[in-house]
1. Given the structure, is A:Glu87 within 22 Å of A:Leu208 (Cβ to Cβ), without any contact (Cβ under 8 Å) to a residue 24 or more places away in the chain and of a type outside the set (A, V, I, L, M)?
2. Please work out if A:Leu303 is within 13 Å of chain B (Cβ to nearest Cβ) and of a type in the set (A, V, I, L, M).
3. Go through segment A:440-459 and give me each residue that's small (Gly, Ala, Ser) and more than 12 Å from B:Ser180 (Cα to Cα).
4. Could you list, in sequence order, all residues of segment A:135-155 that are away from chain B (no Cβ under 14 Å), hydrophobic (A, V, I, L, M, F, W, C) and under 14 Å from A:Arg166 (Cβ atoms)?
5. Filter segment B:426-445 down to residues that are of a type in the set (Gly, Ala, Ser) and not in a loop (DSSP other than H, G, I, E, B) and give me whichever is surrounded by the most Cβ atoms within 10 Å (Cβ to Cβ).
6. Just wondering, is there one or more residues in segment A:308-316 that are part of a helix (DSSP H, G or I), within 14 Å of chain B (Cβ to nearest Cβ) and over 23 Å from A:His282 (Cβ atoms)?
7. Taking segment B:441-473 as the region of interest, how many residues are within 20 Å of B:Ala429 (Cα to Cα) and among the charged types (D, E, K, R)?
There are 2 protein chains.
Amino acid sequence: MPRDSADSGFIDALSHHFPADMFSRAEQSYLEEPRGRYQGARGFVARPRSTEEVSALVKACGEAGVGIVPYGGGTGLVAGQIAPEGEPDMPLILSLERMNTIRAVYPQENVLIADAGVILANIQKAAEDVDRLFPLSLASEGSARIGGLLGTNAGGVNVLRYGNTRDLCLGLEVVMPDGSIWNGLKRLRKDNTGYDLRNLMIGSEGTLGVITGASLKLFPRPASIGTAVFVIRDAEAALELLSLAKSQLGESISAFELMHGNGLDFLQQTMPDVRKPFGDYHPEWMILMDIGLPKGLDPQEALENLFVSAEAEGIVSDAVIAQSETQRNDFWAVRELIPIANRQIGAVSSHDVSVPLSELPHFIARVWQSIAQVGEFRINCFGHVGDGNLHCNVFPPEGKSRDLFLEETKQIKRMVHDIANELGGTFSAEHGVGRAKKADLARYGDPAKLAAMRAIKDALDPKGIMNPGAVLS
Amino acid sequence: MPRDSADSGFIDALSHHFPADMFSRAEQSYLEEPRGRYQGARGFVARPRSTEEVSALVKACGEAGVGIVPYGGGTGLVAGQIAPEGEPDMPLILSLERMNTIRAVYPQENVLIADAGVILANIQKAAEDVDRLFPLSLASEGSARIGGLLGTNAGGVNVLRYGNTRDLCLGLEVVMPDGSIWNGLKRLRKDNTGYDLRNLMIGSEGTLGVITGASLKLFPRPASIGTAVFVIRDAEAALELLSLAKSQLGESISAFELMHGNGLDFLQQTMPDVRKPFGDYHPEWMILMDIGLPKGLDPQEALENLFVSAEAEGIVSDAVIAQSETQRNDFWAVRELIPIANRQIGAVSSHDVSVPLSELPHFIARVWQSIAQVGEFRINCFGHVGDGNLHCNVFPPEGKSRDLFLEETKQIKRMVHDIANELGGTFSAEHGVGRAKKADLARYGDPAKLAAMRAIKDALDPKGIMNPGAVLS
């Protein structure tokens, strides 16, 4: 564990070796996280401009035994980016925001190489500029940075077709805990030369090194895209629709998102001007679906055909198929505003679980049943159902504040995670462990895996300076 | 490093704790590898039937300080599966061949769970039986076992569309070097709970543990498939054709294989009865291409359209499009028999390199040029060009034996790997490191990565019992 603090004495001593604007007192923005459950200690932030500067910083911190918290866009939902108040040794916040250059684009190879601090939306845009697609897409794409997205192996809405962030990465540049630079920015689809350090770094949440650059996969843009919202019979019908859609459309389905009527109610309460797919009618269960097709196929026709056969089988009762880019954006705005509406309502408990696809109906039924036994809560269960990943969030009864239910919060969190675990699922599908879910990792993690993680952490970061207190205790 | 041998004393002592048929003297088949460059020491083989038996064996070997060589189908091309003669401590060969049960199939989830010893062709068949596809495909699929394919992260002909073996795996069961069992057989598409132990084990070639089971991804079968062989203008035209094909067919291209006229010549010499795509005409450069399309598109038509536009641009001069399943199989038989013909001819040097896609033409030109300076060799350069992966093999002049060129072998090997490395490529795209390419790893590997590999190996296998002598020295 770190044995010293990044206090003003340490920063003063260090500042002689770096450009004058390298260090500053951390502004409020570095001390907050979106869920508002952790408050950062008011320490210092370093903002390097190059991999070499990151290397020098890590070396200096290693020598002094000072911890480092790598910081991307600050959008993480499990407080992996926060150095919390009240801990004995205050770490240095290492922000990658100044390393925001797209280093190279190779359209013919479908490869893009970026600094870790590039904002996701800018990578999407650079891909689009050469008629390619970088498919990673999530609500925070306007501020999340690629280094943090890799560090947490972010998910999002296109995992069904294109995989998680790890699946979109060909190579990494990483400053290791001893300050050495691993130059692994390969542009190769195949490279079987030793252990898979790339995937080990991805998803390690800054506890094994600082990602400074990444070589990313681009994809051809589908010739045409289509979007629809279906009203489904019940939660179980989501799987039936997915199965039918897969049989008709193969791998063309890029997003398959569950939405619940409570989400539309919350949206109506908090943002009444947002246009909703069925107006004032808030169906209980809906699926928002995106497809991307090759040349020669018509997405409207494909979605209409799907609706006709799904209606005949009693899976869906209604649907709207986007007739324009505007309508498409409207549908997606609803999906992306639901989490913001949720936050304004104030959840008693938020979850990011995944279960095996065929266990989804049992999961939903058991969660509903168990929560009903605790009290009269409202549930908004939504998310990436095509990946088996649900954000099943629990809200207080109308008119009551979540602050009245602190005991119930603990009880519900445990229940939901226990149910996911019993069904072969996980307590963290896409958000990671960070600081918020360390106890869950210790409780649900496989003992042999936890022992291996501990051994790897101690081997690569013997001084424990990398993101101390995150993931592992 | 191991400090004791799996000699008859050790086996006698151990055999009381296991079923009578657990151990036997290793038959010749365990002592050979396909390239014939290594000869195994005549030691003992253990053939466990369960994960618990593997665990007990690993524990016992750990206590005695005896090494273990995990053994799948024996088809590896870099001698990772061989305990070579003449080393001080003879390891135990641990064959997974009796663990050959498909544990479960979940068609709705597109998941299959198999023991490590299941032969690839049987997994493909089990997927087909539920109208699904397991896309891993390579020449040795009739004998390679899934544990070995995962251990080496095998590639093959469908990587372009479906990825390497690691991309086809959702979860693993592994016996760790201390004998503990990591139960990671999840059926989840998303699980962000700690370090990516799965990908660390995949491709570690048995040096970090013994894979005993795997949870694998299945895919929808394409509604229709098409196959064609194109005669291309020159090696550079391969990239132009790939680019054009991607723009017309998006991600529908499942295989894009380069073939060279010398390969057809060798086939003619060694297996004259094999039907070749253009009969006696052996074009210099050809592409064998597979596409799989969704409903509503016609593969013949798609391939014809591609030919017309490629011919108009001067990329291709001729093509045959398979008109039947038989003709399709004929084309693929040629592709898969070329490596066997190569072995009969006897290569001076064989390679498994990959380079960034846009460097392929430079790579081929530089290799040709450099080898011409060494002498009058024949080159058969073929393989998975869509992935940037070429098997660029060098043969003696007609009528001469490769044994006359031992000095040139070393020189050529070094030259080809140097060129690949200079162009940002790798000396091992899909075969791994094993024992045959350890010196290359030490020469070309990134120092920070090598240090991390060493630290991880020592942390997880402090006694060095797992596949001693493979990958790392």
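1. On the way: within 22 Å of A:Leu208 (Cβ to Cβ): yes; without any contact (Cβ under 8 Å) to a residue 24 or more places away in the chain: no; of a type outside the set (A, V, I, L, M): yes.
So A:Glu87 does not fit the description; no.
2. Numbers: within 13 Å of chain B (Cβ to nearest Cβ): no; of a type in the set (A, V, I, L, M): yes.
No; evaluated as a whole, the condition is false for this residue.
3. As a first pass, look at segment A:440-459 and keep what is small (Gly, Ala, Ser): A:442, A:445, A:448, A:451-452, A:455, A:459.
Of everything in segment A:440-459, those that are small (Gly, Ala, Ser) and more than 12 Å from B:Ser180 (Cα to Cα) turn out to be A:Ala442, A:Gly445, A:Ala455, A:Ala459.
4. Quick first cut of segment A:135-155, residues away from chain B (no Cβ under 14 Å) only: A:137, A:139-147.
If we keep only those that are hydrophobic (A, V, I, L, M, F, W, C) too, we end up with A:139, A:144, A:146.
Listed by number, the list holds a single entry, A:Ile146.
5. Within segment B:426-445, the first condition is being of a type in the set (Gly, Ala, Ser), and the residues that meet it are B:428-429, B:432, B:434, B:436, B:439, B:442, B:445.
Those still in the list that are not in a loop (DSSP other than H, G, I, E, B) too: B:428, B:439, B:442.
On the way: B:Ser428: 27, B:Ala439: 13, B:Ala442: 12.
So, considering only residues that are of a type in the set (Gly, Ala, Ser) and not in a loop (DSSP other than H, G, I, E, B), the one surrounded by the most Cβ atoms within 10 Å (Cβ to Cβ) is B:Ser428.
6. Filtering segment A:308-316 for residues part of a helix (DSSP H, G or I) gives A:308-312.
After this cut, where a residue has to be within 14 Å of chain B (Cβ to nearest Cβ) as well, the list is A:309.
Okay, now just the ones that are also over 23 Å from A:His282 (Cβ atoms), so A:309.
Yes, segment A:308-316 contains a residue that is part of a helix (DSSP H, G or I), within 14 Å of chain B (Cβ to nearest Cβ) and over 23 Å from A:His282 (Cβ atoms).
7. Counting residues in segment B:441-473 that are within 20 Å of B:Ala429 (Cα to Cα) and among the charged types (D, E, K, R) gives 3.
Listed here are the residues, each with its yes/no results for (1) at pLDDT 95 or above; (2) β-branched (Val, Ile, Thr); (3) more than 24 Å from the chain's Cα centre (by Cα).
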position: A:Val416; (1), (2), (3): yes, yes, no
position: A:Ser428; (1), (2), (3): yes, no, no
position: A:Leu441; (1), (2), (3): yes, no, no
position: A:Gly445; (1), (2), (3): yes, no, no
position: A:Ala448; (1), (2), (3): yes, no, yes
position: A:Gly464; (1), (2), (3): yes, no, yes
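The values are calculated or read from the model by the stated rules, or taken from the named source; none is laboratory data. This structure is a prediction, so every number in the text was calculated from the model and none was measured. As a convention, Cβ positions derive from the backbone with ideal geometry for all residues, glycine included, and neighbour counts pool all protein chains shown.
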